[in-house]
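Asker: Below are the structure tokens for one structure; questions will follow.
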Amino acid sequence: MKTQSLYQKAIKFAASKHAEQNQTVPGTNLPYVVHLSNVAMEIMIASFYTDDFDLDFAVQVALLHDTIEDTCTTFDELETEFGTDIAKAVLALTKNNSLPKEQQMNDSLKRIKSIPTEIWAVKLADRITNLQPPPPHWDNDRKNRYREEAKLIHSELKYGNEFLAKRLEGKIEEYGGFLESESTT
């Protein structure tokens with residue numbers, strides 16, 4: 001029963017924080033909590049296929065992973081509500097907006113790789129969930145950059161969770177179907 005209680009506390013906190021921002025899943029009218037629960041679902045399924053996996057830790061981080069980056073939630077608030085380890089994990093998954101955009105992902109990946117592999121799994125699960133049909137306003141260049149970023153995440157974190165690495169590899173391949181082929185004239 002412990003996992004369910006931790007899940008409920010984290011999803012209620014995250015849902016409330018993202019709702020304050022009127023945040024939806026990009027390209028849809030769905031509330032952002034749908035994305036968070038999908039990431040958590042990926043983590044729960046991966047836990048069945050992963051030895052020595054701390055599901056309680058990982059599922060909370062999965063549900064909270066965007067709170068610092070996308071809401072008014074602070075590190076201190078997360079630390080008070082969920083503990084230092086979870087707050088540090090969420091912070092590692094948060095892009096540092098003081099860096100140039102082209103450095104943000106590499107910086108985040110470096111920080112992720114310095115903490116437990118459950119957090120590697122959350123990043124893999126996040127990108128798996130995000131490799132859905134892209135928002136209609138994205139041009140081919142933006143879609144291609146997003147796919148290339150997914151390949152970087154896979155390359156850097158694939159040894160953190162074999163099950164999710166295989167899932168991400170398949171989603172990257174599927175996402176290629178959203179790219180328009182370059183015509184030669």
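Please treat every number below as a calculation from the coordinates, not as lab data. None of these values were measured; they are calculated from a predicted model. Glycine also receives a Cβ, built like all others from the backbone with ideal geometry; neighbour counts cover every protein chain displayed.
Asker: For the range 25-30, in order, what is each residue's ³J(HN,Hα) by Karplus, 6.51 cos²θ - 1.76 cosθ + 1.60 with θ = phi - 60°, in whole Hz (x at glycine and Pro)?
Answerer: Along the range 25-30, the couplings run 5, x, x, 9, 9, 6 Hz.
Asker: Would you calculate a helix-derived [θ] at 222 nm for the chain, using -39,500 (n - 2.57) for each DSSP H run of n ≥ 4 and dividing by the full residue count, to the nearest 500?
Answerer: On the way: 10 runs with 124 residues, N = 185.
Helix contribution divided over all residues of the chain: -21000 deg cm²/dmol.
Asker: Let's see if you can work this out: charge +1 on each Lys and Arg Cβ, -1 on each Asp and Glu Cβ, no other charges. What is the dipole magnitude of the range 2-178 about its Cα centre, in debye to the nearest 20?
Answerer: Using only the charged Cβ atoms, the result is roughly 320 debye.
Asker: Once you list every other residue whose beta carbon is under 12 Å from the beta carbon of Ala19, what net charge do they have if Lys and Arg are +1 and Asp and Glu are -1? Write down the numbers at each step before the final one.
Answerer: On the way: positive: Lys12, Lys17; negative: Glu20, Asp70.
Charge balance near Ala19 sits at 0.
Asker: What is the distance in Å between the Cα centres of the range 8-24 and the range 94-117?
Answerer: 23
Asker: Over the range 27-123, what per residue volume does the convex hull of the Cα atoms give, in whole Å³?
Answerer: Dividing the Cα hull volume of the range 27-123 by its residues yields 115 Å³.
Asker: To continue, here is another question. When the Karplus curve 6.51 cos²θ - 1.76 cosθ + 1.60 is applied with θ = phi - 60°, which whole-Hz ³J(HN,Hα) does each residue of the range 81-94 get, with x for Gly and Pro?
Answerer: 6, 10, x, 5, 4, 5, 4, 5, 5, 5, 5, 5, 7, 9
Asker: Now, a different point. Over all Cα pairs of the chain, how is the pair count split among 10 Å bins, expressed in % and running from 0 up to the last occupied bin?
Answerer: Once binned at 10 Å, the Cα pair distances of the chain give 9, 36, 39, 13, 2, 0, 0.
Asker: Now for a different question. Can you tell which of Asp139, Asp66, Asp85 shows the greatest fluctuation in a Gaussian network model of the chain with Cα springs below 10 Å?
Answerer: The residue that fluctuates most here is Asp139.
Asker: Could you give log10 I(q)/I(0) at q = 0.12, 0.14, 0.16, 0.24 Å⁻¹ for the range 117-185, computed by the Debye formula over C-alpha point scatterers of equal weight, without solvent?
Answerer: The calculated log intensity ratios at q = 0.12, 0.14, 0.16, 0.24 Å⁻¹ are -0.32, -0.42, -0.53, -0.98.
Asker: I've got another one for you. Semi-axes of the range 80-161's equivalent ellipsoid from the Cα gyration tensor, sqrt of 5 times each eigenvalue, largest first, rounded to whole Å?
Answerer: Calculated on Cα positions only, the semi-axes equal 24, 14, 13 Å.
Asker: Let me ask something else. Taking Cα atoms, how many degrees apart are the long axis of helix 33-48 and the longest axis of the chain, rounded to 10 and kept between 0 and 90?
Answerer: Long axis of 33-48 versus the principal axis of the chain: about 80 degrees.
Asker: Kindly put Lys17, Lys12 in sequence by how many other C-beta atoms sit within 10 Å of each C-beta, fewest to most. Before the final figure, lay out each step's value.
Answerer: On the way: Lys17 22, Lys12 12.
Ascending number of Cβ neighbours within 10 Å: Lys12, Lys17.
Asker: What is the sum of charges, Lys and Arg at +1 and Asp and Glu at -1, for the other residues whose Cβ falls under 15 Å from the Cβ of Thr71?
Answerer: Here the charged neighbours net out to -4.
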